[in-house]
Amino acid sequence: MTLRDVVITGIGAVTPLGDGARTLHERWTAGNSGIRDGEAACAQFEPTDHMSAKQARRADRSTQLAIAAGTEALADAGWDDGLPYDGELVGCILGTGIGGIETIENNHDQLRDEGAGSVSPLAVPLMMGNAASAALSLAHGLRGPVFSVVSACAAGSHAIGTALRMIQHGEAEAVVTGAAEAPLTPLSRACFEKMGAISPSGVSRPFDARRDGFVMGEGSGVLVLEAGDAARARGARILGTLRGYGSTGDAHHITAPHSEGRGGARAMQVALRDAGIDPEKVDYVNAHGTSTQLNDRAETLALKTVFGAVADKIPVSSTKSAIGHLLGAAGAVEAVATVLALRDRVAPPTINWEEADEDLDLDYVPGSARPLEMANGRPPVALSNSFGFGGHNATLCLEAV
Amino acid sequence: MATTTTPQDIESTVVENLVSFGADPDVVSRDATLEDIDVDSLDLVELTQVIEEKYGIDLDGADFKQIKTVGDVVDLVVERVQG
């Protein structure tokens, strides 16, 4: 069986750098940061700029973020006047780490303070982890495979990889995919702080010797994936190709990565094999790069395992240096950022990287963005890594047009 | 409280809440059907919660079986409050 190729025809994002995929790309590439006071909120995001008051009321903040990015991605794909395929052939697969936690917390407050009769009748459809996929499906008539993917901070990449497989195998002509997360709530903050994951300094500096934890953020990223033959037949503008996907489990520890990044390395190797691309042909890596001691060391070792002698020749940068860690949405937002970085042949910087740590000696693109150097003038190829609590690893392999 | 509540108060409460749920204020009137203003079963459950709390009455799903218009909702609540 020959697998269909899968192309990216639309992207959307809401991030702490502002509304829009291109805003994310341009501002990150310029070295701007969306982090304020140790958190990365989407401060400019106004739900009713992107949806009706009724849609906004029926959505947790995480789903509102997904609706906004999804609407942008569909318009970017040229779908704003309607779907180019029968709705039964269009899926919607979104990821989330937690789901509607703001709704859960607010309703728990109601329950405790006012009794069971005071919880909202909308609580269940707002809090459920599949709410964002359901909302985009409803808003746009997507009637193919529709569900959500939950794998902590790897959810976005797992969602996109799942969507890739659906199109490759003919289950859908197109899939709207990505992830959203809105975890800036009292309970979520307290829980992540209690486990020591959050940066006490409030600075996201992936791979730097002084890194002391991640900066929590919120946001969403959505991509429209289409079967390449179908997209070309309708004359779609193609932003890039999703060449491969690898997904592995560490089976090592519930929160810590394997000390040598064994599962992460295998995810990258599986993605490259899936893509049919040799490691030395990779031009850029969008790292998981959380700014935690453990991840950044394990990921660096994993990159050395995969790329061997050429590991220090490949620019590796972390979007989280500019927008913090969007948990389940991270992989989706980073895939969006990687699509545009490849399109513009640029490696955006790892902001705040100044001090090298022992053995963390790759090219982390410190300071400012840099043009990608490709051999033979072929379209550049990138990997985008996501590693989640639970030992869930997912890597996407993307190629520019 | 119920003894001093007028049908006008109840109509205002119903309309305000339906508008807050996203119904178009220019279209909401006594004669508008719930379908016209895109009010569905979830909206009715929310509205019920507000009305029960405000007027101290109990409504259940069966009460809404014959309801078609905004006026039907108002009349139902007026009947319960005054009854």
Any residue at all in the range A:154-165 that is at pLDDT 95 or above and at positive phi? no
Hey, among A:ARG232, A:ARG205, which residue is closer than 21 Å to A:TYR364 by Cα and either of a type outside the set (Val, Ile, Thr) or in the same structural domain as A:GLU358 (by TED's automatic domain parsing) (or both)? A:ARG205
Within the range A:79-94, does at least one residue satisfy the condition of being out of contact with any strand residue (DSSP E or B) (no Cβ under 7 Å at 6 or more places or on another chain), of a type in the set (Gly, Ala, Ser), in a helix (DSSP H, G or I) and not assigned by TED's automatic domain parsing to the domain that holds A:THR350? yes
If I filter the range B:54-74 for residues that are over 29 Å from A:ALA59 (Cα atoms), at pLDDT 95 or above, touching a Pro at 6+ places or on another chain (Cβ under 9 Å) and not in a loop (DSSP other than H, G, I, E, B), do I get at least one hit? no
Being in contact (Cβ under 8 Å) with a residue 40 or more places away in the chain and over 30 Å from A:GLY144 (Cβ atoms) narrows it down to one residue among A:VAL270, A:VAL285; which is it? A:VAL285
Within the range A:165-189, restricting attention to residues that are surrounded by fewer than 24 Cβ atoms within 10 Å (Cβ to Cβ) and within 17 Å of A:SER247 (Cα to Cα), which residue is farthest from the chain's Cα centre (by Cα)? A:GLN168
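Residues are listed down the side, and each one gets a yes or a no for (1) within 14 Å of another protein chain (Cβ to nearest Cβ); (2) surrounded by fewer than 24 Cβ atoms within 10 Å (Cβ to Cβ); (3) basic (Lys, Arg); (4) under 20 Å from the mean Cα position of the chain (by Cα):
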residue	(1), (2), (3), (4)
A:PRO47	yes, yes, no, no
A:MET51	yes, yes, no, no
A:LYS54	yes, yes, yes, no
A:THR71	no, yes, no, yes
A:ALA77	no, no, no, yes
A:ASP81	no, yes, no, no
A:ASP86	no, yes, no, no
A:LEU94	no, no, no, yes
A:GLY100	no, no, no, yes
In the range A:224-232, is there at least one residue being part of a loop (DSSP other than H, G, I, E, B), touching a residue at least 60 places away in the same chain (Cβ under 8 Å), surrounded by fewer than 19 Cβ atoms within 10 Å (Cβ to Cβ) and not basic (Lys, Arg)? no
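Which ones in the range B:29-53 are part of a loop (DSSP other than H, G, I, E, B), within 13 Å of chain A (Cβ to nearest Cβ) and either surrounded by 15 or more Cβ atoms within 10 Å (Cβ to Cβ) or hydroxyl-bearing (Ser, Thr, Tyr) (or both)?
Within the range B:29-53, B:ILE37, B:ASP38, B:VAL39 qualify.
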Give me the pairs, please: first residue somewhere in the range A:11-30 and more than 14 Å from A:ALA43 (Cβ to Cβ), second residue anywhere and of a type in the set (S, T, N, Q) and in a helix (DSSP H, G or I), beta-carbon distance under 9 Å, and either six or more positions apart or on two chains. A:GLY12/A:THR71; A:ALA13/A:THR23; A:TRP28/A:SER321
Among residues belonging to the range A:296-315 that are charged (D, E, K, R) and within 20 Å of the chain's Cα centre (by Cα), point out the one that is farthest from A:PRO279 (Cα to Cα). A:ASP296
Here is a list: A:ALA256, A:ALA233. Which entry is of a type in the set (Gly, Ala, Ser), over 23 Å from A:SER62 (Cβ atoms) and at pLDDT below 95? A:ALA256
Could you look through the range A:268-293, keep only residues that are assigned to a loop (DSSP other than H, G, I, E, B) and out of contact with any Leu (no Cβ under 9 Å at 6 or more places or on another chain), and pick out the one that is surrounded by the most Cβ atoms within 10 Å (Cβ to Cβ)? A:HIS288
Counted residues, the range A:121-133 - those being within 14 Å of chain B (Cβ to nearest Cβ), without any contact (Cβ under 8 Å) to a residue 40 or more places away in the chain and within 24 Å of A:GLU218 (Cα to Cα): 3
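Quick one: count up the residues across the range A:102-120 that are within 25 Å of A:GLY331 (Cβ to Cβ) and either within 13 Å of chain B (Cβ to nearest Cβ) or touching a strand residue (DSSP E or B) at 6+ places or on another chain (Cβ under 6 Å) (or both).
Qualifying residue count, the range A:102-120: 0.
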For A:ASP229, only one of the following conditions fails: (1) in contact with a Lys or Arg (Cβ under 7 Å, 6 or more places away or on another chain); (2) under 21 Å from A:GLY331 (Cα atoms). What is its number? (2)
Against the condition surrounded by fewer than 15 Cβ atoms within 10 Å (Cβ to Cβ), in the same structural domain as A:ASP212 (by TED's automatic domain parsing) and either more than 25 Å from A:SER157 (Cα to Cα) or among the acidic types (Asp, Glu) (or both), how does A:ASP113 come out, does it pass? yes
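The values are calculated or read from the model by the stated rules, or taken from the named source; none is laboratory data. Worth saying up front: this structure is predicted, and the values here are computed from it rather than measured. When we count neighbours, we look across all protein chains shown, and the Cβ atoms used for this are built from the backbone with ideal geometry, even at glycine.
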